[in-house]
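Chemist: Handing you this structure, nothing more for now.
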Amino acid sequence: MKLFVITLMVSLFCACQSNHSSHMNHATNAEKVLGKDLICGMEVSDSTYTAEYDGKTYFFCAEHCKEEFLKEPHKYLTKNNLKQ
């Protein structure tokens with residue numbers, strides 16, 4: 001029974017960690033924030049995922065957020081999203 005409980009706890013921990021792994025470039029307290037991901041709202045500290053639009057560079061935490069932005073940039077460039 002103890003082995004089952006330990007296995008279950010480890011599985012849940014790994015599932016929680018992998019759920020957040022798709023957002024790899026989020027900022028930590030010690031890192032310089034480059035910008036805010038307009039898709040998910042995370043603060044981004046790594047310039048791996050960027051997109052140029054209308055002469056401005058936007059930063060993203062992951063490729064899927066960048067791709068979502070590039071599909072319809074005007075949808076995400078609202079006054080509310082651009083407040084940082």
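Chemist: Being of a type in the set (S, T, N, Q) and touching a strand residue (DSSP E or B) at 6+ places or on another chain (Cβ under 8 Å) is the filter here; which residues of the stretch 42-64 pass it?
Modeler: S45, S47, T50, T57 - these are the residues of the stretch 42-64 that are of a type in the set (S, T, N, Q) and touching a strand residue (DSSP E or B) at 6+ places or on another chain (Cβ under 8 Å).
Chemist: Can you work out which of the residues in the stretch 62-84 that are modelled with pLDDT of 95 or more and hydrophobic (A, V, I, L, M, F, W, C) is surrounded by the fewest Cβ atoms within 10 Å (Cβ to Cβ)?
Modeler: Ranking the qualifying residues of the stretch 62-84, first place goes to L70.
The values are calculated or read from the model by the stated rules, or taken from the named source; none is laboratory data. Note that the coordinates shown come from a computational prediction; the quantities given were computed from them, not determined experimentally. Quick reminder, even Gly has a Cβ in these numbers, built from the backbone with ideal geometry, and neighbours come from all protein chains shown.
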